[in-house]
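Here the structure is laid out as structure tokens; the discussion comes afterwards.
The values are calculated or read from the model by the stated rules, or taken from the named source; none is laboratory data. Keep in mind that this is a model prediction, so the values were computed, not measured. Note: ideal-geometry Cβ built from the backbone for every residue, glycine included; neighbour counts use all protein chains shown. Ligands, DNA and RNA are stripped out before the accessible areas are found, and what is left, the full protein with its side chains, is counted by its heavy atoms. Shrake-Rupley method; radii C 1.70, N 1.55, O 1.52, S 1.80 Å.
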Amino acid sequence: MELLDGNLELKEIQKLQGHTDRVWSLAWNPATAAADVPKVFASCSGDKTVRIWEESPSTRSWDCKAVLEETHSRTVRSCAWSPSGRLLATASFDATTAIWENVGGDFECVSTLEGHENEVKSVSWNASGSLLATCGRDKTVWIWEVMPGNEFECIQVLQGHTQDVKMVEWHPTMDILFSCSYDNTVKVWWSDDADGDWSCVQTLGESSNGHSSTVWSLAFNAKGDKLVTCSDDLTMKIWEADIIRMQSGDGYAPWNHLCTLSGYHDRTIFSVHWSREGIIASGAADDAVRLFVESKDGSMNGSSYQLLLKKEKAHDMDVNSVQWCPGEKRLLASASDDGTIKIWELGTLP
Amino acid sequence: MVSGLINANPIVYEKKERRVRNEAAVPDEYAVEPIDQLEIFYHIRDIKDPEHPYSLEELKVITEDAIEVDNERSYVRVTFTPTVEHCSMATVIGLCLRVKLMRSLPSRYKMDIRVAPGTHATEAAVNKQLNDKERVAAALENPNLLDMVDECLAPSYA
């Protein structure tokens, strides 16, 4: 199916209800990407709970398998599965990050990470599952080491952002950490060696063609050589770096602005996610989901991106999170202020 | 207590007369009724100022003209004028406006709340906070702040 042929639609597969407050975030379990394994994802909400959803192989419909409650005392803002799919980390406004383990179908809270002074807004595992990062309104980013027996030790508290840090995300292949903030910047954190100190090696701010308002989210393409950021300034920006050089141990290579997608959104963009095939999904405060792809324009030097499709009224209220399902099918999940989660399939028009 | 007030002597204005709205003889319950400036104003005019026993209308913090409504786009913008330029209560007032409208308008409405340009020393910072829904959500989970907001909103539910 050629993406740029223009015959595509985002078909709603199912609307999942259950949360009793806005759904902030969702995360697909990476271990369930294989073809014959029922797909699983977690969602987290202002109702202080986390719900685990699973696709029934026989009926192809999604059911809520578990509700993780009585642990967080405030909104659960973000969740992330470890690369092995064994653990789930949940970040909450109650200033803690809980670690859950699936023990025979039941999820147990096996650890609670404390330290942030106030609301924790995001949590991310590195590619190998050896490190965890969290961030919050206290302007800091914390790096935790994952130790045997579900123990977590904070190895460093990174200062640098001048305001609330909205999201953290590890690079998909290398141990480089990215954070985005209410201070309008994205910071890149790097450590020279495994035992070294982490420091901010780059700040993507207005002077580097960066955003002019809060940066809410960022996502990498499959190769890890491109990055997309989205902001309250109504634009999305694509950045690129010389990954080959970095992977070959040649030290840090900076990220450079590639292009800005503006004029497509008229309200804050809360979430972006890049599929393995290169489709960028965005979720915004105008209740819509948009898909973008790189334009195949041989005559231009730089890359440019175009709108593939816009799903208006994807939800009844703001879309807070969009996440592509890992795996073969073109499935997208979206979470909204309307308290629902929707599963979509990208397909050709009938 | 009095010495701690930001603005100990606010100017109090007369309240506008309250017009009775003419209801249609047989209201169509399923019609999507357009919401106008006056209706939005009715929801917020009696909100009490956090510091003084006067309403936002009486202190001219909000006026009917400072409300913009676009029914087709389900969009509302309220511009308010703090009584003093350095008012640290500006974010509380903004929060009260947002909460009252959130509770009173259909959920499809998008809202922008801002201070009138030139009326506050840190206008951009206040506006940014008031329109960051994550910050608003976290603030409203703070019981002390929520109590303060509910106290200010109480007279507006009559």
> Summing +1 for each Lys or Arg and -1 for each Asp or Glu, what net charge is found among the other residues whose Cβ lies under 13 Å from the Cβ of A:PRO172?
Replying inline: 0
> If you find the alpha carbon centre of region B:38-72 and of region A:241-260, how far apart are they in angstrom?
Replying inline: 52
> Dipole of region A:6-346, Cα-centred, from +1 at each Lys and Arg C-beta and -1 at each Asp and Glu C-beta, to the nearest 20 debye?
Replying inline: 1000
> Among A:LEU331, A:PRO38, B:ALA124, which residue has its Cα positioned farthest towards the positive end of the charge dipole of the protein assembly as shown, with +1 placed on the Cβ of Lys and Arg, -1 on the Cβ of Asp and Glu, and the dipole taken about the Cα centre?
Replying inline: A:LEU331
> Mind listing which trypsin sites (Lys or Arg not before Pro) in region A:184-276 are in a DSSP loop and have 15 or fewer other Cβ atoms within 10 Å?
Replying inline: A:LYS223, A:ARG276
> Once Lys and Arg get +1 and Asp and Glu get -1 on their Cβ, which of B:PRO53, B:VAL115, B:SER88 lies farthest toward the positive end of the dipole of region B:37-157?
Replying inline: B:VAL115
> Listed highest first by mean packing, meaning other Cβ atoms within 10 Å per residue, what order do A:228-236, A:128-136 come in?
Replying inline: A:228-236, A:128-136
> With each run of n ≥ 4 DSSP H residues scored as -39500 (n - 2.57), what mean residue ellipticity at 222 nm is computed for chain B after dividing by its residue count and rounding to the nearest 500 deg cm²/dmol?
Replying inline: -9000 deg cm²/dmol
> Based on DSSP H assignment, which helices of chain B show an axial Cα extent of at least 18 Å together with a mean Kyte-Doolittle hydropathy greater than or equal to 1.0?
Replying inline: B:90-104
> In debye, nearest 20: dipole of region B:65-122 around its Cα centre with unit charges on the Cβ of K, R (+) and D, E (-)?
Replying inline: 320
> Sorted by accessible area (1.4 Å probe), largest first, how do A:GLU119, B:GLU85 line up?
Replying inline: B:GLU85, A:GLU119
>> With a cut-off of 8 Å between alpha carbons and a minimum separation of six or more residues, what is the relative contact order of chain A in percent?
In response: 15
> Helix-derived [θ] at 222 nm for chain A: sum -39500 (n - 2.57) over DSSP H runs of at least 4, divide by residue count, nearest 500?
Replying inline: -500 deg cm²/dmol
>> List the aspartates and glutamates whose Cα sits under 13 Å from the Cα of A:LYS237, skipping any in the same chain fewer than 8 residues away.
In response: A:GLU206, A:GLU294
> What do the square roots of 5 times the Cα gyration tensor eigenvalues come to for the protein assembly as shown, in whole Å, largest first, as semi-axes of the equivalent ellipsoid?
Replying inline: 40, 27, 24
> What residues in region B:97-132 lose 40 Å² or more of accessible surface when the other protein chains are added to their chain alone (1.4 Å probe)?
Replying inline: B:SER107, B:LYS110, B:LYS128, B:ASP132
> For region B:37-157, how big is Rg over Rh, using alpha carbon atoms and the Kirkwood form of Rh?
Replying inline: 0.92
>> Checking the table B:LYS60/B:LYS100; A:LYS39/A:LYS121; A:LYS121/A:LYS187; A:LYS65/A:LYS223; A:LYS223/A:LYS342; A:LYS65/B:LYS133 against a 24 Å threshold on Cα-Cα, which pairs fail?
In response: A:LYS39/A:LYS121; A:LYS65/A:LYS223; A:LYS223/A:LYS342; A:LYS65/B:LYS133
> Averaged per residue, what accessible surface does region B:64-158 expose to a 1.4 Å probe, in Å²?
Replying inline: 45
> Which whole-number percent is the relative contact order of region B:37-157 (Cα, under 8 Å, 6+ apart)?
Replying inline: 30
> Within the accessible area of the protein assembly as shown, what % is carbon and sulfur when the probe is 1.4 Å and the other protein chains stay in place?
Replying inline: 46
> What whole number of Å gives the distance from the Cα centroid of region B:141-158 to the Cα centroid of region A:1-64?
Replying inline: 37
> What net charge is computed for the residues neighbouring B:ASN7, neighbours being all others with C-beta under 12 Å from the C-beta of B:ASN7, Lys and Arg scored +1, Asp and Glu -1?
Replying inline: -3
>> Probe radius 1.4 Å, ligands and nucleic acids left out: can you give me the accessible area buried at the B-A interface, summed over both chains, in Å² to the nearest hundred?
In response: 1700
